[in-house]
Every structure is written in structure tokens, then in C-alpha cells.
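The values are calculated or read from the model by the stated rules, or taken from the named source; none is laboratory data. It should be emphasised that the depicted structure is a prediction, and the values quoted were computed from it without experimental measurement. Neighbour counts run over all protein chains shown; Cβ positions are idealised from the backbone, glycine included.
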Amino acid sequence: MKRDVERTGVFTRRALLLLGGQLAVLGTLGSRLYQVQVREGARYNTLADENRISARMIAPPRGRILDRFGTPVAGNITNWRAVLVAEQADNVKATLDAFSALLPLSEYERVRIDRELHRRRKFIPVLVKEFLTWDEMAAIEVNAPDLPGIAVDAGTSRSYPFGSQLAHVVGYVAPPNEADVADDPLLALPGIRIGRAGMEKYHDLGLRGRAGAVQFEVNAVGRIIRELDRQEGIQGEDVGLTIDSGLQLSVLNSLGDESASAVVMDCRNGEVLAMATNPSFDPSVFNSGVSQAQWLQWTNDRRTPLINKATSGLYAPGSTFKMAVALAGLESKAITPADRINCPGYLDLGGTRFHCWRKGGHGMLNLRGGLKNSCDVFFYEVARRTGIDHIATMANRLGLGVELDLDLPGQRTGLIPTREWRIGQGHAWNIGDTIVSGIGQGYVQVTPLQLCTYVSRVATGRVVQPHLTRKLAGVLQPGVEPDDWPMLGMTDKMLNNVREGMWAVVNEAGGTAPQARLADPSVQLAGKTGSAQVRRVSRELRESGHFDSDKLPWEYRPHALFVAYAPYDAPRYAVSVVIEHGNAGATAAGPVARDIMAATLRRDPANRSVSPSAQVADARP
Amino acid sequence: MMDRRLWREPSFDLMGKVLQINWLYVLLLCCLAGVGYVALYSAGGGSPEPYATRHAMRFAFGLLVMLAIGLVDIRVIAKLAWPAWLGGVVLLVLVLRMGHVGKGAQRWLELGPLQMQPSELMKLALVLALAAWFHKASWQRMGNPLFLIPPLIAVLIPVGLILKEPNLGTAAITAMLGACMFFAAGVRWWKFLLVTLPIPLLAQFVYGHLHDYQRARIDTFLHPESDPLGAGYNIIQSKIALGSGGMWGQGFLQGTQAHLDFLPEKQTDFIFTIIGEEWGFVGGVAVMALLGLIIVGGMLIALRCRHQFGRLVALGISCNFFLYVFVNIAMVMGVIPVGGVPLPLVSHGGSAMLTVMVGFGVLMSVHVHRDVEFPTKREDG
């Protein structure tokens, strides 16, 4: 009983306390109401009478893209443009007619402006004309009274200091289409651009940033009286690439005028230091729209300037595939390093004769000799003993014919054929298919980036994945340390068998690519040539003795390939070079790969955290 | 027990109960609904359609429901407390599973023609459940921390489920409601401190483990001004409309802002703005005074009740009403972020009205049965 009274007492005290608190809160709200309605009432009343506040979003500057040393490869420049705010124009059509009289607008532009005016809220400015010159701006300002609703503002436009030299990596931006705008109202702002390819596309969301807003107090005709509030947008994040722009220029220089592609990677962590594709295109053209003529010219060019050959060009790897075949044979115990195979110049199997590239044959060879001489018969036999499924598994493990964990949109997977795949196509797998796969022909198709990844994995024994993003908003991303990447699961002893073969190709007398030897004898390069036929060579032609690929039309000549890593004793850089229709790997691609590797070793981008300013300066075009 | 004989047992025939109903309180509620009718008449462009007539009919129906519940014995209602809580939790789970997604959150459950917001029912059920629990509590048992763990869980489960909808605003209101109940039940001050102090740390921890998009959602909730053309636009327009009302208002049906469609959702969440614009500061304060009277009336019912269950239930329902009012008016004036909370009995909307009236029905039952014998068994023994 006493307790109950006590409890009632506590309840009463606390209930009154709560009630008091609640009434106090209501009182505060009441005083706030007084503030809003009476004290500031006059100001709000004016706003209410004259239609009040006009808010306008402001586009944030797009984030920059920098190379590994901080040199901008995509930035922003000021773009003066005329915009129309429908809310502030008495008669939109009259305003636009007056504008056309000053600066002609094409029929197409008028249609676009009308469409946007209908689609957007009345206070969102619609772009009328951009990239205004000084004279055009002056013309608009002088005639401002006749152009109600028209304003000139400074937007930004994308600039690519390296232009076509990094176009395929950096990508480009273009105006968003209607489907994009539905996703994000920020994209409705005039002058905003959306990443359409390359890193601009991959990192688009981060690069976009967040919109700011300005609130204006406007009078009855819509003229701005003053700015009430301004919130600056947040600039998009900077993206730091693994690319060394200076090395990129040097690689392009080495490729010359060939239709070709080359990739340079830090083979210990998969950082792509250079990714060059020739020919290329000017990415800034997309900023304002591509003309029909330009587009046709690009798409009709058989050298395919719009395609990033490094990630999307598919080539038979030819003899560069032989390391994968050898490792498959070793791991499945189909061969040992000491096994010797006789090459009489051909292999007869199932009624078909498969030729070695050397007419007279190579005689007895072990694995090292097979690689050094790039003997086809040796690898026909290894492939026969190993079987296609082991070869395919090994190739996939080394990064060939699989989708790489790459941060660049649009890579192609290529193909390493398997029995299952062929059956899925409605055909039986023939032993001949295995034989030609042994020298990287037939159905085998890979990209230059896959080749570079493959060489990196052979050189380091780690499953590195190629990547182009090094920093986001200045923060180093994971994947820089070799230990970030798992091991391949093959012993160094096994890998050394093919590494020694690759060394012999370049550095031993009688190897197939002495041209690729580095000038500095203290650093040695290990490599492998490849020549990939694009057309089957008929027996008659071969036996007639008149077969000379130099005399073929350009598009029938074999592709020339070369893959390499260096230094041989402490692998740091991997290079792959594919020269379309370049004929022989050793003579066409080998010296190019050597020059690229020499330039890479000289610049040594992986070991240099900050570029000496002189080198940044000469990196600028 | 001697004191029991002193308690006045009300006669339990129907007529006696009807006479016990607090008709003054019912009158206050009718006044508030009348304010709603006038404001909705204006929101409808000077016409009873489409809002005002339906509002009146809904209120009439709600009033009948309220009076009916008011005649139900409070001890019967007490027995239903925990089943109601369980039912509320089941509905919250259902709404997460198959609820209608409106404005980015699953809040509504469709039951045939009726749409309902289980979180509103849950708040009432939570008040009943906590009251039933603390009804058993002696002053000594209140001192035992273990005794406080079950009711704490009874609060946290629905709060967690409402958070998941996600409806941060209602979850916060529910949590505050629970805190009011704990406070009134006599939980020691220092225990409140113990529970509330780690909340900022906990919030930071949870925030750190959210996905980016979830974080963005919370950021927008906490900083609507970062979205000046979305949520912030409403606030700006609402403040302009209020400000244009001035001291005496533009006059009935004269509020230009509201009628020119600058004001979004004027018939629901922003109804107070119409009142403020047309009737000025004077009208706004009058409505706030009416709301204050209803809160005071509810608290008086709580104080006059002779059993702990009734006291706590009446207090909980009054606090819930207060929280509604506070969030809505503060939101309209831009003091707190937009929360999607209507002004009870004034805003247009059927299911919210019914839930509020059910709550007032329970409050009325407390009043009618304020003197019944409803002892705590253990203390009697």
C-alpha cells in the first residue's frame, strides 16, 4: 500500500514533468511560428507576391583523370555557353527567333531545344548554344534586352591533353541521352557530360560529383534581384591511373604507323603502364557531337581506329602460345623437360601432313630447344600427348581466353577451344584441331592484354590481374603489392623450364629473335616470337616454293607478335606487341618490343614515385 | 484491503458508463476535426470535395469506434495488450515481406480495400504492452535492472523492424514513445543516461558499416537542404506560405500560395501551412493551443486514474499524440527534416485517422474505468 502510494507519487511527478516539457516545446514552436509569420513575414510576403524564389542547380566540375605521376590526361576547360530559362522568358519562341537572328541555330538544334524545354521543369536552364567565341558572347550581351530568358554562363568542357594518344584508355564523354537523365536529375543540367568509354565510363559515377544549387530571389518578370543562397557542387573525384603518360608516348612512337597494339605491364602487380593502340581517334570530338562524315571515315577504316586493339582485338597467338602448351605438358606429366622429340620438318597424323616452319626440320630437340627454335613439330607432338583439355585449362589459368578482372569496359574474352566447346558447336573434335592449337593457331584467339598478363604470370608465378586504376580521390587502391596477388600454384622449377627457353630465344646463338636483344648487356630480356596466319596456306602454294608472305595483299599477311619480360633474373616489366599483318614476329614485332622494353627500363616508372618535372614536361604533347 | 472499499466502483450498466465518458474531451476532439474540415475545404479549392466531406465522414465513423472502445472494460483491454503487441510485430514483418513500396519505403500493407500502416498500430500496441508490464512493477522491482530487459526488448524489436522499412522518422518516434513510458514508470534517471549515452557511438558504428546508397539516404534525411529542388523545395515553399500569412492571415480561401499549387501535399502533411497562411499567426497559435489542451486533457486523465496500467496507457497515448503534433508542425516550419507525418485529425487520410481514434478510444476507456479495482497481484499478496 505504501509502495503503491510511492509509485503513484513518482508517476505524478514525472507525468507533470513530461507535460511541462511538452508544453514548453509547443511554446517554442509557437515562438518560431511568430518568427516566421510575423517578424520575417514581410519578407516572405514579398516573395510570395512576386513569385518568389527561383532555384537553379549548378553542375559540379567533373573529376580529373591523372596518370601515375599526376599529369592530367583528362581535365576541364571553360566553355562559354548560352542557356535559356523558360520561366524567365515571356515568349520562348520569340526569344529563340531573336537569338537565331544573331547566331543562327540549325533546324536540328531548334528541335533539340524545343524537346528539352518541354521535358524539363521551367526553372532548369536549357542549353541553346555552347563553345561561344568572344564575339558571339559580346553579341548576346549587347542584345540582352531582346533576349529575355537568355543568359551566358561559364560551363566546363572536357579536355584531353594527350588526345588520341590515350583515347582508348581514358575514353571520352558525350551528352547524356534521355534514358540516362531519367536515372539521375543531375544529368538534366546543360553541359553535363557522361562517360561513354574507357575510364571515363568505368569511373563515371565517381567522376560526376554532386550538383550544387543557387537560390535566387526574382521579381515578377523573372529577373534575378539577388542571390539568396548558394551551395557549391562537389567536384567529382580524381582518378589516378597506373599509366605512365611519358612511356605511353614512347610506346606509340615505337609502333610507328603500323596498325598495331602494345601493352606494358608491371608484371609483379598487374599495373598497366602503357596501353597503346594505333591508329586512334581524337576523344574531344565526342564532346560536341561527331559528324556523319567523321563517323563513316572511322567505321570504314580497315585499321579500326575506334577499337581498342589491346583489349578487344582478337588474334591467334601463334608461337607465343607455346609456353602455355609446354606448361600444360609438364604439369600433366605428358612430357618431361628432358624428353627429346625428333623434327623432320613435318608430322604426319591421320592422313594430314602438318609442317614445321623450317622446311628441313630441326632434328632432335628437348623442351628448351623446342622453345628456342620455336619448333612447330615439337609442339605438335607435345599437344598430341597433352590433349586439348589440359592445354585449355593451363591457358585459362595463365590469363588467356578468359575474362580478365580489368577495370576498362569493353574487353573481349577470346577463345581457347575445348572438346566441349566444339561439340557445343555441333562438330566433333579432331586430333588435327589439337595439333594446330599446339602452335596457337586454329580456333585459339587472344587479346594483346591477355598476352601481356600471360607473360607476367609466367615470369612471376603470380596470378596478377591487369588494372588501370591506381588512386581514387588520391587514395592508393589495393593491388599495388605483389603479395596482393595469389600464387599460380606452379613451382619455380617447372616455370624455369619455359623461362630458360624464352631467354634462349633472344640471348642464345641460334635463337629465333636475336633482334630483340637489349643493347645493354647487363640487363637481359626473355621473349617469344609469334606469327599468326590469318589465312590457311595451301599445300600447292607451299610446295611450289613461291610462298612469300611479303608479296601477299596487306590484309592476308600474318600478324606479327612478340611477348617479353625483363630483367630476366628479376622480372619487373612485361611487354606484348601485336603488329597487324606485320608478317614475321621476330623481324617486325621483336625490335619494337625491344625498344619498348628499353624505354620502360630507362624510365623505370614502377620504381619512381614522383616523376622529375623535366620528364613530365616532355610528356606533354 | 481497506483502501479498496474507499474506491468508487462505477455502476457497470451501459448508461452509467456513457455518463462517465469525458464529454468535454470529446468536444475538444470534435473542435480539432472541425479545424481539419475548414482547412480541407480550403485545400479543396473552396469546396467540400474532394477532401472535406470524406474527412467529416471518417471522423464520424472514428468517433463511433472511439466511443465503443471507451465502453470496453480497461481490464479486458489490458489482457489484449501482449497479443496486440505480437500482432503488431507480425504485421511489421508482413509489411517488410509484401508491403507496398511507397516513396522508397515499405510502409503500407493492403488488406482488401483498406491500406494500413502497421507502424501506427504498433505504437498503440507498444503503449499497451509496456503499461501491462510496468503495472506489475513495484518500486523495488523497478530498481532491478533485469526487470527492465523484457520491456526494452519489446521496444527494440518494433523499432528495428520500422528502421528496416526504412522509416527512420517513425522509428525515432517509437523509440521516444518507449522512453516516455519508461520514464513515467519510474525508471531511475541514471539508467536513462546509461542507455542514451552510447547511442551516438552506436550510431556512428552502424553508419560506418552501411552501404554507400544507404548512407546517402541517411545523409539526405539529415540534410534535406542538400537537395534543394526535392525535399528542401517543399520546406522553402511552406515557409513562404506561412510567412505570407502574417499576423492576421490572408483570410479564409484567400491563401494564394496554397491555391497556386506552390505548396506540395497541402491536404496531408502540409495542412498546417494552409491554416497558417489563411488565418495567420493568430489562427496557427489557436490551433496549437487546441492541440495543447488535448494533450493536457489526456495527461489529466492519466493523473486521475487510480491504477498504474490506466495511468501509463493514458500517458503513452497523450505522448504519442504530442509526438505526432510536434514532428508535423516542426517539419512544416522547417525546424526538422521532412518526415511524412500527418497532423492528427486535421490532415486528410483515412487509415491514420482511424488509428488515432482507436487510441483515443482506449484513452476514454481509461477515463471511464479510472476507479475500477485493478490491483497488482503481487503487491496485494
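Conditions (1) modelled with pLDDT of 75 or more; (2) buried (at least 17 other Cβ atoms within 10 Å of the Cβ); (3) closer than 30 Å to A:Asn308 by Cβ, marked per residue:
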position	(1), (2), (3)
A:Ser164	yes, yes, yes
A:Ala174	yes, yes, yes
A:Asp184	no, no, yes
A:Ile192	yes, yes, yes
A:Arg210	yes, no, no
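Here is the figure for the stretch A:340-352: residues that are surrounded by fewer than 17 Cβ atoms within 10 Å (Cβ to Cβ) and in contact (Cβ under 8 Å) with a residue 12 or more places away in the chain total 7.
I want to confirm something. Restricting to the stretch B:281-297 and keeping residues that are touching a residue at least 24 places away in the same chain (Cβ under 8 Å) and facing chain A (nearest Cβ under 9 Å), which single residue is farthest from B:Val346 (Cα to Cα)? Working first, answer last.
First, the residues of the stretch B:281-297 that are touching a residue at least 24 places away in the same chain (Cβ under 8 Å): B:281-284, B:287-288, B:290-291, B:293-295, B:297.
Still in the list and also facing chain A (nearest Cβ under 9 Å): B:281, B:284, B:288, B:291, B:295.
Details: B:Phe281: 18, B:Gly284: 13, B:Met288: 12, B:Leu291: 11, B:Ile295: 15 Å.
Per the stated criteria, the residue is B:Phe281.
One residue stands out among those in the stretch B:302-318 that are surrounded by fewer than 24 Cβ atoms within 10 Å (Cβ to Cβ) and more than 8 Å from every other protein chain (Cβ to nearest Cβ): the one that is farthest from the chain's Cα centre (by Cα), which is B:Arg306.
Answer yes or no as to whether A:Met502 is surrounded by 14 or more Cβ atoms within 10 Å (Cβ to Cβ) and either without any contact (Cβ under 8 Å) to a residue 40 or more places away in the chain or farther than 30 Å from A:Leu207 by Cβ (or both). Even if it seems obvious, please write down each step before you answer.
Details: surrounded by 14 or more Cβ atoms within 10 Å (Cβ to Cβ): yes; either without any contact (Cβ under 8 Å) to a residue 40 or more places away in the chain or farther than 30 Å from A:Leu207 by Cβ (or both): yes.
Considered against the rule, which asks whether it is surrounded by 14 or more Cβ atoms within 10 Å (Cβ to Cβ) and either without any contact (Cβ under 8 Å) to a residue 40 or more places away in the chain or farther than 30 Å from A:Leu207 by Cβ (or both), A:Met502 comes out as yes.
Applying the condition of being surrounded by fewer than 13 Cβ atoms within 10 Å (Cβ to Cβ), of a type in the set (Gly, Ala, Ser) and at pLDDT 65 or above to the stretch A:511-556 and asking which residue is nearest to A:Lys359 (Cα to Cα) yields A:Ala519. Here B:Ala175 meets each of (1) part of a helix (DSSP H, G or I); (2) at the interface with chain A (Cβ under 9 Å from one of its Cβ atoms); (3) modelled with pLDDT of 75 or more with one exception, condition (2).
Within the stretch A:420-460, the set of residues being part of a loop (DSSP other than H, G, I, E, B), of a type in the set (Phe, Trp, Tyr) and out of contact with any strand residue (DSSP E or B) (no Cβ under 7 Å at 6 or more places or on another chain) comprises A:Trp429 only.
Selection of the stretch A:99-129 for residues being closer than 20 Å to A:Ala211 by Cα and not in a helix (DSSP H, G or I) yields A:Arg120, A:Arg121, A:Lys122, A:Phe123, A:Ile124, A:Pro125, A:Val126, A:Leu127. Applying a threshold of 8 Å to beta carbon distances and a minimum spacing of six or more residues, or different chains, the list of pairs starting in the stretch B:247-274 at a residue that is at positive phi and ending at one that is at pLDDT 60 or above and surrounded by fewer than 14 Cβ atoms within 10 Å (Cβ to Cβ) reads B:Leu253/B:Gly46. Checked across the stretch A:388-396, the condition of being under 24 Å from A:Pro558 (Cα atoms) and assigned to a loop (DSSP other than H, G, I, E, B) holds for no residue.
The criterion of being more than 30 Å from A:Pro72 (Cα to Cα) and touching a helix residue (DSSP H, G or I) at 6+ places or on another chain (Cβ under 6 Å) holds for A:Ala516. Within the stretch A:475-489, can one find any residue that is in contact (Cβ under 8 Å) with a residue 60 or more places away in the chain, of a type in the set (Phe, Trp, Tyr), under 17 Å from A:Leu398 (Cα atoms) and surrounded by fewer than 21 Cβ atoms within 10 Å (Cβ to Cβ)? Looking for residues that are in contact (Cβ under 8 Å) with a residue 60 or more places away in the chain, of a type in the set (Phe, Trp, Tyr), under 17 Å from A:Leu398 (Cα atoms) and surrounded by fewer than 21 Cβ atoms within 10 Å (Cβ to Cβ), one finds at least one in the stretch A:475-489, hence yes. For A:Gln465, the conditions (1) of a type outside the set (D, E, K, R); (2) surrounded by fewer than 20 Cβ atoms within 10 Å (Cβ to Cβ); (3) over 24 Å from A:Ala564 (Cβ atoms) are fulfilled apart from (3). The sole residue among A:Gly240, A:Gly246, A:Gly270 that is at positive phi and at pLDDT 90 or above is A:Gly270. The selection criterion, being away from chain B (no Cβ under 14 Å) and at pLDDT below 90, holds for A:Gln88.
Of A:Leu187, A:Leu96, which residue is over 30 Å from A:Arg470 (Cβ atoms), in the same structural domain as A:Arg68 (by TED's automatic domain parsing) and outside any loop (DSSP other than H, G, I, E, B)? Walk me through it before giving the result.
Numbers: A:Leu187 fails: over 30 Å from A:Arg470 (Cβ atoms).
Residue meeting the stated conditions: A:Leu96.
The C-beta contact set for the stretch A:384-406 (first residue outside the structural domain of A:Leu314 (by TED's automatic domain parsing) and at pLDDT below 95, second residue assigned to a loop (DSSP other than H, G, I, E, B) and of a type in the set (Asp, Glu), distance under 8 angstrom, 6+ apart or interchain) is empty.
Condition check: among the hydroxyl-bearing types (Ser, Thr, Tyr) and without any contact (Cβ under 8 Å) to a residue 40 or more places away in the chain. Does A:Thr469 satisfy that?
Working: among the hydroxyl-bearing types (Ser, Thr, Tyr): yes; without any contact (Cβ under 8 Å) to a residue 40 or more places away in the chain: no.
The answer is no for A:Thr469.
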